[in-house]
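Working notes for the structure below.
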Amino acid sequence: MGLKHSDITAILGPVDETLMAELLATGATASELAEAIAWVNNDEALIGEGRHLPAGRVAALIDILTPEEGDEEL
């Protein structure tokens, strides 16, 4: 089942409507969003554990959640 507004705010806290719409549009699940957050916040440790970089919806979420240079981090 895809993400709901309540899933996103439970995981990320309050977010603006643009980010909310982008996340909902991925069709990802709450567990995929949680995995993407783990990668955004701690990618070196996950790679060190031998995990492969994610693909598909998790990768799309990572792209959305990764701040571009000059932007604030989540």
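Total residues in the stretch 1-10 satisfying the condition of being outside any loop (DSSP other than H, G, I, E, B) and surrounded by 16 or more Cβ atoms within 10 Å (Cβ to Cβ): the figure is 2.
Taken over the stretch 11-34, the criterion of being open to solvent by 70 Å² or more (accessible area, probe 1.4 Å) and part of a helix (DSSP H, G or I) is satisfied by GLU17, THR18, GLU22, ALA25, SER31. Quick check: anything in the stretch 41-64 at pLDDT 90 or above, surrounded by 15 or more Cβ atoms within 10 Å (Cβ to Cβ) and more than 12 Å from the chain's Cα centre (by Cα)? No, because not a single residue in the stretch 41-64 is at pLDDT 90 or above, surrounded by 15 or more Cβ atoms within 10 Å (Cβ to Cβ) and more than 12 Å from the chain's Cα centre (by Cα).
The values are calculated or read from the model by the stated rules, or taken from the named source; none is laboratory data. Nothing here was measured: the structure is a model prediction, and the numbers come from that model. When we count neighbours, we look across all protein chains shown, and the Cβ atoms used for this are built from the backbone with ideal geometry, even at glycine. Surface accessibility is based on the protein's heavy atoms, side chains included, excluding ligands, DNA and RNA. Shrake-Rupley method; radii C 1.70, N 1.55, O 1.52, S 1.80 Å.
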